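Participant: The structure follows.
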């Protein structure tokens, strides 16, 4: 019988989770490792098989749907658990399962001597299941299920070393900030279903143009709410504060969740609902502006961070900004392309950083690294490839995808966005090579005892690095315009984004301008690199001199513009104090007071009555008589 | 002639009642009460309730008053001490209330509220049950008296006060 | 012979009312429990008088029968009352009502 | 004649309660086994209802009718439909769990404890199954006594205050309801001539809007106390904190549903006009309840109080769903009733487990429990996620449907209510972090015993239910849907009955929802203003 095509992909990791729960420790470390990696590897194989099956179909028929079962049916609203494979989700599952598999293999080495080894892979597999459900969902509701599922797994994995209070705090922060985003997403979904009647993609996107007035308030609000959800998940302004703290989790987690897969869910959702966003140009503008702003803002903070993982975290936020910028300007294809290449080199950067930390026995501060090139040859080589890729130097992957985005921005007339993107590219190149130089080149500032048991990572960690390095190198080439038909990757995505869509708003540029654009972006990257080398390698004093010249700027960058502290003071503390007062004063004094008050009222009344019982027989006789008299008078009046 | 008798009895009755209430010495009050009861017996005679008059004299004047006198003597009561402002006030209030009551009663009568106007509710068949009822009541009275009286055998205050 | 009611009924009632009020005042004013008891006797007898007057007026024996009841009750009441007074006297050495207020609320 | 199934379901626990009460005091083992057997047998009796009940058939099923007070026209009549069937199952399952969960918790006077618990169960079942208003009122009051004793005798330090407050508070409300029932009785008597308390008779009665207003207020007041809705909720935290574990499980899981069941069964269908007019007020209070419950829960030092205030917030959702007046809202509210019963019941059991070991409910006394109690932590995590409404668990399906229903009636309502989703995450996660994560702060927590087999047995059905309703809600929805749609349609017909034309809910800011009187089920056509 033909093996099921789609639902097997998320089912495999879920099966691994169930198996590991049932078998428990009897599995042992090797068993758990094999089970976990095997499951993800198998789902990668199935993903490839499904992608090939999709590619075999003619251009227009490129969409496979599999309905598992009817989930909910109430009145005229219904939603079912169904999976959709189209070029966009094909790319996503390949990236997710591919990079996921490599990271699983890497983790077996990285987490080798962690006591709760089994629990780690349990969470990792659960995450893979949730991410694959998110990507393969055929309606927004099921996507939301995956959406919150990955939120939960990131909460569990960030707080994996739960005995560390800071990790637990970071986990909670991540979940709550995500929840704020999900609040927006939920409301957006409700708006869409109320007007169009369904959340299933095809039905929703076909009904949308009639249900909504193009550019009207309803569609704009709905899409902005969806974008709010995306900013929560993909850590854009203003809901990005959780990602840097999420570095508390183990490094493979940062690589998988906070670089390659989960954070891209926001971009995927915006790309998936591109036809809705195109109905609301204002929202598109907002997406572009927020993307560009975040790209630049995060890049600036990245300059001044000393923790290797924090630098990479801000770099991720910045690169995500680029992806949203691409979507904002209408170049959804470029956004997804950058998403793919970013997954490769950012995952590599994180894993490389993990290997460095592993080697230096958990040392994460760049100021106590340096000169590791010789001692960690493989890590150094792969990290170098990734750093060049992210800087956007041809022929590496980063160049093609970033250039596509800048080209899209320029072509669609968003010159401001293009300029910001260019500036961001320079900064990116600078801080990435700053990291590279501080970590691998120059004098070794490694502490003494870390020095002598400095060792290269085991093969189980190196091989994934090597594979990712290759991908970072060739990943971009599928963007080369081999045949005339333009950009092969975008042509692959055309059935999803529609031919006009991606380039509809784009004015075809003359080849001369296109070459000029490419030159400019390459020069920008080189500028960043040269400046980084000069500042940190040739003339270390330059960095310090700069710091003295603008101390205020430096302090602001180091403290991340005090955004965290600001939000705490503006939101968290007042909320806490308000609810404290609400409880102590309002609930206990007023409401409860009123209830007890009624009780005291009756008690007071009865005390009053008691005064009449004086104990003197005389008074009782008196009342008796008074009663009789009153009675008499009453009859009298009759 | 009947009216004359009625007047005599009425006056003695009212006079004795007042003396019973006003006089400080309980013994004198008791004696005046006896006279009052006799006047009342006379009135009963006027109302052709001869048997009742006899019973009145025997039961009330004879038995109950004797009991009263016995208790008064037994407790060896002297004159009541009832002076001071508080009692004056009470007496004043008492009289005031009395006049008020009489006023309303007078108003009633002046309204010509015909006594016979009460609807003729059929009296419940008291028939022979009257006898049993009175006997039970008397029994209860005797038992109560015995129970309360019994207390005197034990030295006072050795156990909680008699009910 | 049932001579027409020589004495008019309202006179009788007035008399009964007066005696009743006097008894009532006695109960309210006096301190001595025994005098209060006597006043109660007065009130009861006033009521008896009214009963007999009505009996005579309506020419039926019911009134008189009822007077019997009242007498019985009075007898029982006096018996118990005096017993109580004796006991209270034994405990508190007093007969004055306003000094016995143990059952104060 | 067919076996009186419903009466059996109602009175079997009562009979077994008497049996348990008769056992000698020291035979604690036999008491426990008899109580468990009785509770499980009760589950066995009630479970077939799930299959035997045909959801599509209109009206009551398994009806029993016996004359009770002929003079008044009150009949002992029972009936069941989709709504009450689910609540009956919830009651029997949770009572069985409560009995099994309190083996070790209750030492003194175990005999009376189990007897009262079983008596309480029959009181609750009676309330759900009675279709005669007087019989309903009798069971409604009968239910209070065992609960009062459970809190008053086996409770914590301030148990007497809490028990008395609980009793008087509910009693005050229900007395008003009695007046309303009598008013209805007389209205019906004048209108139809035959004196009767039957619910169907009242359903057919057309009540003038003025009377409807007061009647609705009386019923709503009694049920609002039970729900509890915002200003009338202060008895809940006290009752929960002082009640023994089993007591607060039943209190949270079933007794609170009496309020929402009352609204669904009586207040809305009987007085549709008044419900429609007062809908904005009730929804206002529900929204305040959601925010207020969540915010106050956040700062509670005592675990049980936190869960109690969270119940106020969750049931705010329920009320919002009911007063969204459409089939999604109703389905969401009904599902939320079940979910709240399951997840909050489980939460109280979890607090009970820790209370049994440490005799303290203060969050400060715990910290880093994950290390010594991994299984407990895992169960706590799942239950917490269900209470927060994570998709995949039961909480999400209920909340989503309520929000969907509310959005269709008025987007502003849904917007405000959706904030509750964030707040519930805040207080739950913060509590979870302070209790579970971080280093083990107190030495005593170091070597606490993890869940025993019995305790796992207690949690197993709840966990299964959490995921079952979360992943396969449709079987539950199919069973409740027809009954809910009939209630909605009934409300509309009666609205049209007394005032022909369209019942318009003028709703501030949002869509103007027009409910034209059409007998068919389904949602009211949204003549929303297209923007």
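Bear in mind that the values in this text are calculations on the coordinates, not laboratory data. Because the structure is predicted, anything quoted here is derived from the model rather than measured. Note: ideal-geometry Cβ built from the backbone for every residue, glycine included; neighbour counts use all protein chains shown.
Participant: PRE reach from residue D:194 (point 7 Å along Cα→Cβ): which of the range D:224-267 fall under 16 Å by backbone N?
Facilitator: Hits in the range D:224-267 for residue D:194 at 16 Å: none.
Participant: Return the percentage of antiparallel bridges among DSSP beta bridges fully within the range D:5-488, rounded to the nearest 5 %.
Facilitator: 90 percent
Participant: Oh, and also: Rank the residues D:120, A:611, D:404, A:427 as a footprinting-exposure proxy: fewest other Cβ atoms within 10 Å of their Cβ go first.
Facilitator: In order of increasing Cβ crowding within 10 Å: A:611, A:427, D:404, D:120.
Participant: What number, rounded to the nearest 500 deg cm²/dmol, is the helix-based mean residue ellipticity at 222 nm of chain A, given -39500 (n - 2.57) per DSSP H run of at least four residues and division by all its residues?
Facilitator: Result for chain A: -23000 deg cm²/dmol, rounded to the nearest 500.
Participant: Per q in 0.14 Å⁻¹, report the Debye log10 I(q)/I(0) for the range A:290-379, using one uniform scatterer on each alpha carbon and no solvent.
Facilitator: Rounded to two decimals, the profile gives -0.57.
Participant: Next up: Please state the shape class of chain A: rounded when a/c is under 1.5, otherwise prolate if a/b exceeds b/c and oblate if not, all from the C-alpha gyration tensor.
Facilitator: Verdict is prolate for chain A.
Participant: Rounded to the nearest 500, what is the 222 nm mean residue ellipticity of chain D from helices alone, with -39500 (n - 2.57) per DSSP H run of 4+ residues and division by all residues?
Facilitator: Theoretical 222 nm ellipticity from helices: -23000 deg cm²/dmol.
Participant: A further question on this structure: Tell me whether the range C:31-92 comes out rounded, prolate or oblate; compute the Cα gyration tensor, take square roots of the eigenvalues as a ≥ b ≥ c, and use a/c under 1.5 as the rounded threshold.
Facilitator: oblate
Participant: Calculate the translational D of chain C in whole µm² s⁻¹ from Stokes-Einstein, where the hydrodynamic radius comes from the Kirkwood formula applied to all Cα pairs, the temperature is 25 °C and the viscosity 0.890 mPa s.
Facilitator: Here the translational diffusion coefficient equals 158 µm²/s.
Participant: Then there's this: Scaled to the compact-protein estimate 2.2 N^0.38 Å, what is the alpha-carbon radius of gyration of the range D:1-138, rounded to two decimal places?
Facilitator: Output field value: 1.13.
Participant: Based on Cα positions only, what radius of gyration and what Dmax would you give for the range D:5-488, in angstroms?
Facilitator: When restricted to Cα atoms, the range D:5-488 yields Rg and Dmax of 21.5, 73 Å.
Participant: Then there is this: Fewest Cβ neighbours within 10 Å first, please rank A:341, D:30 accordingly.
Facilitator: Final ranking by Cβ density, sparse to dense: D:30, A:341.
Participant: Using Cβ counts within 10 Å as a stand-in for footprinting exposure, how do B:91, D:265 rank, fewest first?
Facilitator: Least to most surrounded, the residues fall as B:91, D:265.
Participant: Calculate the spin-label point distance for residue D:18 paired with residue D:164, positioning each point 7 Å from the Cα along the beta-carbon direction, and give it in nanometres.
Facilitator: Each label point is offset 7 Å from its Cα along the Cβ direction, giving 3.3 nm.
Participant: For the protein assembly as shown, I need the span (max minus min coordinate) of the C-alpha atoms along each principal axis, in Å, sorted largest to smallest.
Facilitator: 153, 72, 63
Participant: How crowded by other chains is D:422-429, given as the mean number of beta carbons from other chains within 10 Å of each beta carbon?
Facilitator: Partner Cβ neighbours, averaged per residue: 6.
Participant: Rg over Rh of the range B:20-77, using C-alpha atoms and the Kirkwood radius, what does it come to?
Facilitator: 1.07
Participant: Tell me, what is the Rg over Rh of the range D:85-164, with Rh the Kirkwood radius over Cα pairs?
Facilitator: With Rg and the Kirkwood Rh in hand, the quotient comes to 1.01.
Participant: Order A:279-287, A:201-209, A:449-457, D:174-182 from most to least packed using the mean count of other Cβ atoms within 10 Å.
Facilitator: For the peptides A:279-287, A:201-209, A:449-457, D:174-182, the packing ranking is A:279-287, D:174-182, A:201-209, A:449-457.
Participant: Next up: With axes computed from alpha carbons, what is the tilt in degrees of helix A:459-474 against the longest principal axis of chain A, rounded to the nearest 10 within 0 to 90?
Facilitator: The angle comes out at about 70 degrees.
Participant: Within 10 Å of each Cβ of D:330-343, how many other protein chain Cβ atoms are there on average?
Facilitator: 1
Participant: Looking only at other chains, what is the average number of their beta-carbon atoms within 10 angstrom of each beta-carbon in A:591-599?
Facilitator: For this peptide, the per-residue mean of nearby foreign Cβ atoms is 4.
Participant: For residue A:616, project a label point 7 Å along Cα to C-beta. Then give me every residue of the range B:58-90 with its amide nitrogen under 19 Å of that point.
Facilitator: B:80-90
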